[in-house]
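Engineer: Before I ask anything, let me first share the structure, which is written out below as structure tokens.
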Amino acid sequence: MATTALPHAAAATPTPQRMRALVHERYGLPDVLRLATVALPTAGRREVLVEVGAASVHPGDSFVMTGRPRLVRLAFGLRRPRRRTPGMDLAGVVRAVGADVTSVRVGDRVFGWTTAGALAEFATVRDDHLAPIPAGVPVDVAAAVPTSGMTALQALRDVAQLQSGQTVLITGASGGVGSFAVQIAKALGGEVAGVCSGRNVEFVRQLGADHVIDYETTNVTRGSTRFDVILDSVEAQPLAAMRRILTPRGTLIPNSGRGGAWIGPLGRIVRARLLSAFTRQRLRPFTSLGRRGDLLVLAEMLASGEITPLVDRRYALADAADALRQVATGHTRGKVVVTP
Ligand SMILES: NC(=O)c1ccc[n+]([C@@H]2O[C@H](COP(=O)([O-])OP(=O)(O)OC[C@H]3O[C@@H](n4cnc5c(N)ncnc54)[C@H](OP(=O)(O)O)[C@@H]3O)[C@@H](O)[C@H]2O)c1
């Protein structure tokens, strides 16, 4: 196997000069994706070259790929995608490190997120976007964690400031964010109710939910129970209806990224923010942030068993379009992973 020169980077293991990657030259449905052979990326001074063992996909990947809502094009390219390879979350083995990298070494098993495209055999990642995979955790399980896990953690711990003994309602409890949120809310000491479809009731119970509500038979907003915290990753019910089941000083986090073709959820986010000024209830839409510190917290929770991601479906790299089609349905159970 040929080796490549990696300027600014130290590589201990021979790496190929070319790799397979998913690429798209225009925005669109997953059909715009094709598997191509491209040049191996080069790690910059503060970057790491990771051989991808697994990448996971989430609804945000499908927004970036379709360019919808159109607002995302401001960040990712107005007419065509600036980033040719989709995918953010990944786990794998470090194959080369840039000259200024001290936090990881060649051969380390790592997981994290990249803006350079994870749906490929190799990806470059900033060193502060990675954390070590705890011993014994399979690479595809670690790949399932970054964005969904950080979103659930930041929503419950930072935005809601969930306290032990508080009641929490999680909609979309069986999905990527929800399945982490149920487990993290339990770890923080919450009494958790999860909303999902009938086929997922047993799964959400196994995640640790104290109460499970099947949305196909029960409308949770018509019940008499009030919650201190609501993480609403679906927004199937109007804001006013959700507020009726929120305690007078409770926190409601509207978290669905879905919405109109142009600005997506932005209109709802602005409405919730404005309304917040006129009520003691806290209405707090938020955007999750990639933070290495939170990745380390999630690594500890993985190691202790406080969170156990469910990888429901695994796809080969050549079939990654099907993985993106699946997350776009809004009915994913746990996480979907792509393995090169
Ligand atoms: N704020 C942020 O920065 C941020 C970050 C990440 C994600 N998000 C957003 O969070 C949302 C959820 O993401 P995700 O990765 O968890 O999506 P996902 O994996 O597709 O999960 C969605 C879940 O919602 C459930 N569901 C569908 N209709 C429902 C209903 N009427 N009531 C209750 N549950 C319902 C589905 O379960 P069934 O199959 O049982 O219906 C599915 O398990 C997305 O809109 C995403 O854009 C926001």
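Engineer: With all protein chains present, how much of the accessible area of the chain (probe radius 1.4 Å) comes from carbon and sulfur, to the nearest whole percent?
Structural biologist: Numbers: 7840 of 14950 Å².
Answer for the chain: carbon and sulfur cover 52 percent of the accessible area.
Engineer: Separate question: Using θ = phi - 60° and the Karplus relation 6.51 cos²θ - 1.76 cosθ + 1.60, list the HN-Hα couplings for segment 132-142 in order, rounded to whole Hz, with x at every Gly or Pro.
Structural biologist: x, 7, x, 4, x, 8, x, 4, 6, 5, 5
Engineer: So how much slack lies between residue 18 and residue 197, counting 0.36 nm per residue of separation and subtracting their Cα-Cα distance, in nm?
Structural biologist: Going from the current span to full extension adds 60.0 nm.
Engineer: Give me the compactness ratio for segment 147-283, meaning the Cα radius of gyration over 2.2 N^0.38 Å. Walk me through the numbers on the way to the answer.
Structural biologist: Numbers: Rg = 13.8 Å, N = 137, 2.2 N^0.38 = 14.3 Å.
Against the empirical 2.2 N^0.38 Å value, I get 0.97 for segment 147-283.
Engineer: At 222 nm, what helix-only mean residue ellipticity would the chain give, in deg cm²/dmol to the nearest 500, using -39500 (n - 2.57) for each DSSP H run of four or more?
Structural biologist: Details: 10 runs with 84 residues, N = 340.
About -7000 deg cm²/dmol.
Engineer: Cα gyration tensor of segment 25-168, axes a ≥ b ≥ c as square roots of the eigenvalues: rounded (a/c below 1.5), prolate (a/b > b/c) or oblate? Intermediate values should be presented prior to the final figure.
Structural biologist: Details: a/c = 1.88, a/b = 1.08, b/c = 1.74.
Since a/c reaches 1.5 but b/c is at least a/b, the shape of segment 25-168 is classed as oblate.
Engineer: Hey, another quick one. Which of 111, 160, 71 sits closest to the plus end of the dipole of the chain, meaning its Cα is farthest towards the positive end, when Lys and Arg get +1 and Asp and Glu get -1 on the C-beta?
Structural biologist: After comparing all options, I get 71.
Engineer: Take the Cβ-Cβ distance between residue 329 and residue 99 as r, set R0 to 35 Å, and report the resulting FRET efficiency rounded to the nearest 0.05. Spell out each step's value before the answer.
Structural biologist: Values: r = 44 Å, r/R0 = 1.25.
Efficiency at R0 = 35 Å is approximately 0.20.
Engineer: Go ahead and set up a Gaussian network model of the chain, Cα springs under 10 Å, then flag whichever of 15, 124, 225 fluctuates most.
Structural biologist: Looking only at 15, 124, 225, the largest GNM fluctuation is found for 225.
Engineer: Please give the Cα centre distance for segment 277-340 versus segment 54-81, rounded to the nearest Å.
Structural biologist: Cα centroid to Cα centroid, the span is 16 Å.
Engineer: Output the peptides 294-306, 201-213 sorted from most to least packed, where packing is the average of other Cβ atoms within 10 Å over each peptide's residues.
Structural biologist: On the way: 294-306: 17.3, 201-213: 19.3.
In decreasing order of mean packing, 294-306, 201-213 become 201-213, 294-306.
Engineer: Cβ neighbours within 10 Å, averaged per peptide: list 327-337, 36-46 in order, most packed at the top.
Structural biologist: Numbers: 327-337: 20.1, 36-46: 17.0.
Final packing ranking: 327-337, 36-46.
Engineer: Between residue 219 and residue 275, what FRET efficiency comes out of the Förster formula 1/(1 + (r/R0)^6) with R0 = 22 Å and r the beta carbon distance, rounded to 0.05?
Structural biologist: Numbers: r = 22 Å, r/R0 = 0.99.
Taking R0 as 22 Å, the efficiency between residue 275 and residue 219 is 0.50.
Engineer: Then there's this: Amide H neighbours of residue 283 under 5 Å, at least 5 residues apart or on other chains, H built in the peptide plane: list them.
Structural biologist: 252
Engineer: Moving on. Rolling a 1.4 angstrom probe over the protein heavy atoms, how many square angstrom per residue are accessible across the chain?
Structural biologist: On the way: 14950 Å² over 340 residues.
For the chain, the per-residue accessible area is 44 Å².
Engineer: Next question. Could you tell me which of 196, 176, 247 has its Cα farthest along the dipole of segment 147-283 towards the positive end, charges placed at Cβ (Lys, Arg +1; Asp, Glu -1), taken about the Cα centre?
Structural biologist: 247
Engineer: Let me ask something else. Under a crude label model (7 Å from the Cα following the beta-carbon direction), how far is residue 296 from residue 78 in nanometres?
Structural biologist: 4.1 nm
Engineer: In addition: How many nm is it between the label spots at residue 322 and residue 241, if each spot is 7 Å from the Cα in line with the beta carbon?
Structural biologist: With each label point 7 Å from Cα toward Cβ, the separation is 3.5 nm.
Engineer: Could you give the Stokes-Einstein D for the chain in µm² per second, using the C-alpha Kirkwood radius, 37 °C, 0.692 mPa s?
Structural biologist: Values: Rh = 20.6 Å.
Result for D is 160 µm²/s.
The values are calculated or read from the model by the stated rules, or taken from the named source; none is laboratory data. Small disclaimer: the values here were computed from a predicted structure and weren't measured. Heads up, the Cβs are rebuilt from the backbone with ideal geometry, glycines too, and the neighbour counts pull from every protein chain shown. Side chains included, ligands, DNA and RNA excluded: accessible areas come from the protein's heavy atoms. Shrake-Rupley method; radii C 1.70, N 1.55, O 1.52, S 1.80 Å.
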